[in-house]
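Take a look at the structure below.
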Amino acid sequence: MDFLLLEGFAKAPFGLNFGEIRVINGLLKIGGVCVSWHYVIKDNQNKRIKMQRYHQVPMLFIPCEEDELIWTMYDIMDNKFLESKINMSYDKHFCASSEGWLVAVNKDYTVSLYNPYSMLVGNCNNIQLPILFPTQPFLLPGDEYDFENVSEDESEEDFDYHIFKATITADPLENPNDCTIVVIFGENFRLAFIRLGKDTTWTKVDGHRVWGSFEDILSYNNHFYALDTEGELISFDVDPHNLNVKSITTENLRTRVTYSKRYLVKSCKGDILQVERYLTWGINTERIITEKFNVFKLDMEQQRWIGIKDLGDESLFLGDNSSISISTSNFVSCQCNCIYFTHDQDLVRSNKSGHIDIGVYNMETESSTLHFNIDSSTFTKMFRRAPIWLVPTINLY
């Protein structure tokens with residue numbers, strides 16, 4: 001049982017001491033394999049919540065080769081796939097992930113949240129959210145938009161990519177009253193949010209400071225932060241009657257616009273990081289690949305960004321997911337001072353050519369490696385469903 005890190009392993013399996021478990025990934029494997037273990041995990045509610053306060057190493061959620069509806073998980077700490085397969089009954093790419101939940105937009109522009117980890121023990125937990133401000137063509141007076149009869153091209157370009165980023169503040173089933181979903185959506189990359197248990201519709205974040213197209217969002221110290229394409233960082237609240245939008249800094253750090261993307265990350269030390277990802281055309285590979293990353297830390301008092309060259313014992317996980325930082329001192333199998341990245345649909349949409357941009361970037365050497373034990377032929381069979389980072393949870397409900 002090398003997948004489970006335990007202190008005092010002699011107490012396992014049936015004398016398992018949950019206070020000594022350091023990694024949720026191992027619990028997932030146990031809970032997914034054995035139903036009785038699932039209930040043991042569930043009964044240890046308080047210790048489970050305590051464990052989840054720590055930043056957990058995400059897994060790669062990857063579509064299977066055999067069936068377009070079947071997905072699996074790749075554990076980067078063991079460098080292997082989990083044996084369990086999950087039928088998602090969904091053949092499109094997932095727009096985003098946050099708090100262990102996947103976000104998808106349906107053909108009628110409603111939004112669905114899926115929890116794959118709960119499906120490991122046979123629970124099909126998903127949450128349906130209201131229509132999110134559909135992108136509509138020009139209509140004559142009296143005409144209505146027909147959601148049912150949408151062309152394939154319009155289907156892919158509109159609803160399938162309607163959400164570009166999302167963040168979730170709390171587990172929507174365990175803590176619905178504390179759960180807010182904030183998204184970047186639409187062709188103009190605007191902001192909207194909905195509070196579970198409080199709102200019946202989405203609310204746009206508008207105002208004289210909210211005019212740009214946004215690249216990323218972050219929940220931090222009971223406020224939300226968003227970074228637009230011009231480099232302005234704003235903060236706002238999720239009260240429809242008082243958004244309290246403020247400009248934090250307008251410093252634009254971007255050195256080039258073409259094939260670049262910026263992310264916001266809360267570090268393990270509590271800092272707000274801005275990460276710039278630059279891509280280039282690979283001469284040998286004949287495809288667009290990640291070239292380098294630049295990392296900056298926000299000086300809140302001076303309202304400016306400070307460049308940093310070393311992440312210390314931290315590593316970052318970037319892609320379509322809510323950006324994640326973890327301390328490698330807690331997870332010895334993870335490389336410190338590195339950025340784990342996967343294909344970002346906002347930058348380059350995956351296609352049938354198998355173009356999947358994935359790897360590990362070392363901040364010290366300024367170089368990338370694939371690192372993962374994944375056959376390259378696997379990527380050619382993913383089509384438009386790129387892999388996405390997913391934080392492991394043991395909220396098995």
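The values are calculated or read from the model by the stated rules, or taken from the named source; none is laboratory data. From a predicted model like this one, the values you see are computed outputs, not experimental measurements. No Cβ is skipped: glycine too gets one built from the backbone with ideal geometry, and neighbour counts run over all protein chains shown. Remember, those area values only see protein heavy atoms, side chains included, never the ligands or the DNA or RNA. Shrake-Rupley method; radii C 1.70, N 1.55, O 1.52, S 1.80 Å.
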Residue ID - modelled with the lowest pLDDT, chosen from residues in segment 155-174 that are assigned to a loop (DSSP other than H, G, I, E, B) and more than 19 Å from the chain's Cα centre (by Cα): 158
If I ask for residues that are open to solvent by 20 Å² or more (accessible area, probe 1.4 Å), charged (D, E, K, R) and farther than 17 Å from residue 336 by Cα, which ones from segment 262-291 would you list? 271, 286, 287, 291
Within segment 183-198, which residues are buried (at least 16 other Cβ atoms within 10 Å of the Cβ) and either at pLDDT below 90 or within 18 Å of residue 105 (Cβ to Cβ) (or both)? 183, 184, 185, 186, 189, 190, 191, 192, 193, 194, 196
Tell me, which residue of segment 344-382 that is over 30 Å from residue 311 (Cα atoms) and surrounded by 17 or more Cβ atoms within 10 Å (Cβ to Cβ) is modelled with the lowest pLDDT? 382
State all residues of segment 264-283 that are within 15 Å of residue 326 (Cβ to Cβ) and not hydrophobic (A, V, I, L, M, F, W, C); if no residue qualifies, say none. 266, 267, 269, 270, 271
